[in-house]
Amino acid sequence: MSNMRQLSGEDYPDAARKHYTDARALMNRRRYDGAAYLAGYAVECILKTIIQVNQPSRVPMIHDINKLSVDAQRLATMPSSRTARYFPLGSSVTRLPYGNPPAGWKETLRYHCEGTIPKTTASDWVAEAKRLYEHVLWGLIKDGEVTL
């Protein structure tokens, strides 16, 4: 459990840790659809953590990582931003697109048949989750913004 856990039980930093860890385990077991699905959720949770750090009471209840990324980037440009140092200005926070699988990640991937996500795509999505996990979430932890 993190210091960011909400009264409703949502805990985006802890969920990001859990989903990223499980995505890596599934990737190692060649379960590419599950790995990709959980990698996308890890990315979503990290984006929501960025938003929550900047605006604790205004985390959008959506899965659209494109919109979450835009929101996180917008918050990073504000003078009071507590997250700007974790990603370059002027670029999207994540390279993982939101869209219909296999072209993009979408929460409905869980309903797609096995084999929807090829190994290379799953590997790319897990790598993106790893990049955000190590660079952003661990940065927030190191700087004391988040505790797990």
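Read the figures in this text as sums done on the coordinates, not as results from a lab. Values in this document were obtained by computation on a predicted structure and should not be read as measured data. Glycine gets a Cβ as well: all are built from the backbone with ideal geometry, and neighbour counts include every protein chain shown.
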| Filtering region 45-60 down to residues that are within 8 Å of the chain's Cα centre (by Cα) and within 17 Å of Ala76 (Cβ to Cβ), which residue is surrounded by the most Cβ atoms within 10 Å (Cβ to Cβ)? | Ile46
| task | Name the one entry in Leu96, Leu148 that is touching a residue at least 24 places away in the same chain (Cβ under 8 Å), touching a strand residue (DSSP E or B) at 6+ places or on another chain (Cβ under 6 Å) and aliphatic (A, V, I, L, M). | result | Leu96
| task | State all residues of region 9-29 that are of a type in the set (Ser, Thr, Tyr) and either over 18 Å from Arg131 (Cβ atoms) or under 12 Å from the mean Cα position of the chain (by Cα) (or both); if no residue qualifies, say none. | result | Tyr12, Tyr20
| request: Test each condition in (1) in contact (Cβ under 8 Å) with a residue 12 or more places away in the chain; (2) buried (at least 17 other Cβ atoms within 10 Å of the Cβ) for Asp11 and report the one that comes out false. | output: (1)
| Among the residues listed as Thr108, Thr147, Thr120, Thr49, the single one being assigned to a helix (DSSP H, G or I) and closer than 14 Å to Met4 by Cβ | Thr49
| note | How many residues of region 68-97 are in a helix (DSSP H, G or I), in contact with a helix residue (DSSP H, G or I) (Cβ under 9 Å, 6 or more places away or on another chain) and surrounded by fewer than 14 Cβ atoms within 10 Å (Cβ to Cβ)? The answer is 1
| Sole exception among (1) in contact with a strand residue (DSSP E or B) (Cβ under 9 Å, 6 or more places away or on another chain); (2) surrounded by fewer than 22 Cβ atoms within 10 Å (Cβ to Cβ); (3) not in a loop (DSSP other than H, G, I, E, B) for His63, by number | (3)
